[in-house]
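Every number in this text was worked out from the coordinates using simple rules, so none of it is lab data. It should be emphasised that the depicted structure is a prediction, and the values quoted were computed from it without experimental measurement. Please note: Cβ atoms are built from the backbone with ideal geometry, for glycine as well, and neighbour counts cover all protein chains shown.
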Amino acid sequence: MTKNVISSPAAPAAIGPYSQAIRTGDTLWMSGQIPLDPASMQIVEGGIEAQAQRVFANMRAVLAAAGGTFDDVVKLSILLVDLGDFAKVNEIMAAEFKEPYPARSTYQVAALPRGSRIEVEAVPGLDPAAFDAMARQAVHHVKSMIGVSAEVAVMVPGSLPRSQGKAARVRDLRQELREAGVKPGSGTPPDTA
């Protein structure tokens, strides 16, 4: 099983030995988000409303980095220090998600990291086409950095038969990078090494 690390600078960096999210196949396993401001790495002030809004903003950033949205979330786990906050969190969640809502579990816990009042983790199921689109964007970005024209850099969506599978698509994208002169694993554009 291949595990791909997903991260976003628009969400707080991990504060321990874990990743913001891991993608295996078409499933994204998101670590719990607490209401850390990504810039200051401090818990936001303003009570449960501000904390819940920050948590969902952090989750949105990680989802976007994986090519997903809240529409892709199939399961949420919400941890609250006080179940008295449940109604307000429900209200904020209803503004973030649309029907059909994801399955959800909510638990009251004794404490959360850094004095947070809420933590939310999610499991989205992602469309394989999102993976393909992200890979094409990465190829385009790398090629534009090394001076390859946009006309050459863009792959025609759907140009690879679905029967080839992800491994073949990744192999073809790697071949395109090699043809553009990118040295594998070097991170260095051609003619500058």
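All conditions in (1) of a type in the set (A, V, I, L, M); (2) within 26 Å of Ala110 (Cα to Cα); (3) surrounded by fewer than 19 Cβ atoms within 10 Å (Cβ to Cβ) hold for Ile22, with the sole exception of (2). If you go through the stretch 1-27 and keep only what is touching a Ser or Thr at 6+ places or on another chain (Cβ under 8 Å) and touching a residue at least 40 places away in the same chain (Cβ under 8 Å), you end up with Ile6, Ser7, Gln20, Ala21.
Flag not set for Ala10, criterion: in a helix (DSSP H, G or I) and hydrophobic (A, V, I, L, M, F, W, C).
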